[in-house]
1. Using the Karplus curve 6.51 cos²θ - 1.76 cosθ + 1.60 with θ = phi - 60°, what ³J(HN,Hα) values do you get for each residue of segment 219-229, in whole Hz, with x for Gly and Pro?
2. Could you give the size of the charge dipole of segment 179-310 about its Cα centre, using +1 on the Cβ of each K and R and -1 on the Cβ of each D and E, expressed in debye and rounded to the nearest 20?
3. Can you work out ³J(HN,Hα) from phi for every residue in segment 128-135, in order, using Karplus 6.51 cos²θ - 1.76 cosθ + 1.60 and θ = phi - 60°, giving whole Hz and x for Gly and Pro?
4. Using the C-alpha gyration tensor of segment 199-291, what are the square roots of 5 times its eigenvalues, in whole angstrom, with the largest one first?
5. On average, how much area does the Cα convex hull of segment 234-333 cover when viewed from any direction, in nm²?
6. Tell me, what ³J(HN,Hα) does each residue in segment 241-256 have, in order and in whole Hz, if you take phi through Karplus 6.51 cos²θ - 1.76 cosθ + 1.60 with θ = phi - 60° and put x for Gly and Pro?
7. Beyond a 26 Å Cα-Cα separation, which of these cross-linked pairs lie in this structure: 174/288; 227/249; 102/175; 102/227; 102/288?
8. Which part of segment 177-212 falls in the paramagnetic zone of residue 331, meaning amide N under 12 Å from the point 7 Å along Cα-to-beta-carbon?
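None of the figures in this text is laboratory data; all of them are computed from the coordinates on show. Predicted, not measured: the structure shown is a model, and the values here were computed from it. Note that each Cβ is placed from the backbone with ideal geometry, even for glycine, and that neighbours are counted across all protein chains shown.
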Amino acid sequence: MANNGNRSVKKKKGPTIGTGGHGRKALEGKGPTPKAEDRVYHKAHKNKLLAERSAAKRGPGARGTNPRSAGRGSGPKGRATEELVTGRNSVVEALRAGIPAKALHVAIRIEMDDRVKESLKLAAERGIPLLEAGKQELDRMTEDAVHQGLVLQIPPYEYGDAYELAEETIAKWKKGHIANAPLFVALDGITDPRNLGAIIRSVSAFSGHGVIVPERRSVGVTASAWKTSAGAAVRVPVARASNLNNALKQFKNMGIYVLGLDGDGDVSLPDLTVATEPVCIVVGSEGKGLSRLVRENCDQIVSIPIDSAMESLNASMAVGISLYEVSRQRAAN
């Protein structure tokens, strides 16, 4: 009987000839798994792009951000850019301290608590604009810092020029517009904003006329410095010097005595004889002290008598003691 053309032919079970390499490419896989930041759909990739864009805006040499305060640091040529204070505690404390603010960004449908209520109240009293924003927008703005729905935008501090500040102060003194001789404090290598804030506060307390900070490798007037100054940053100008050593040389040419603070000084603070003259007190960092070139540009190195068991004083404390002694001697004459 003939086979029906539509009848299927049964195949023999088992492997067939020539099929060994058909699945080779499938078995090879796709290689190692890409890093999270290289996967376009991953959050880490978006964060990487945001960080690159932020770095490009800040320019080379800009400082990074702080997880508690997303400050942008200093931009090109030492020009400060805006700083962001994030988190409910930080924001309400900044507003209590009277830190200048450009705007208060508040999350839409934020969960209210006492800190949020007080922040809104203080901002309204000071006329600070309140801007609502979604969580994603606040995340982007703060580069994913912990903000808890509150972000305070701080305008950049307007620094004066160190030479111009000294020149204007001397002119006012000579014309009798200010009673005491010019008194400045210059910072050499200090990077802690709380030290700067405390020094500004001491300068204000003892009738000083300004603080000088270098343009590079130095602290700037941040929200933390504002807070520590307890409002004195409003009254005491902070000026920048592109090169601290050059600025000190200019000060000396203008008749300002440059006094460096150091433990092994040429003269003890109580024996200081130029306190009633125009003075600029230079203080270095607690760890390194005065740099070699700055030390060479000082007219005198002054030491504060302390117990031998104590190696050194905090920079802001040393400045406060020195300013007190200068003020005491001026009042006595």
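1. Residue by residue, segment 219-229 yields 5, x, 7, 9, 4, 5, 5, 4, 5, 5, 6 Hz.
2. On the way: 12 positive and 12 negative charges, 135 e Å.
The calculation lands at about 640 debye.
3. For segment 128-135, the Karplus curve yields 7, x, 9, 10, 7, 8, x, 4 Hz.
4. Working: eigenvalues 96, 52, 44 Å².
One finds semi-axes of 22, 16, 15 Å for segment 199-291.
5. On the way: hull surface 29.0 nm².
Seen from a random direction, the Cα hull of segment 234-333 projects 7.2 nm² on average.
6. Residue by residue, segment 241-256 yields 10, 4, 9, 4, 5, 5, 5, 5, 4, 5, 4, 4, 5, 8, x, 9 Hz.
7. Numbers: 174/288 37 Å; 227/249 32 Å; 102/175 37 Å; 102/227 16 Å; 102/288 37 Å.
In this structure, 174/288; 227/249; 102/175; 102/288 exceed 26 Å between Cα atoms.
8. Only 206-207 pass the distance filter.
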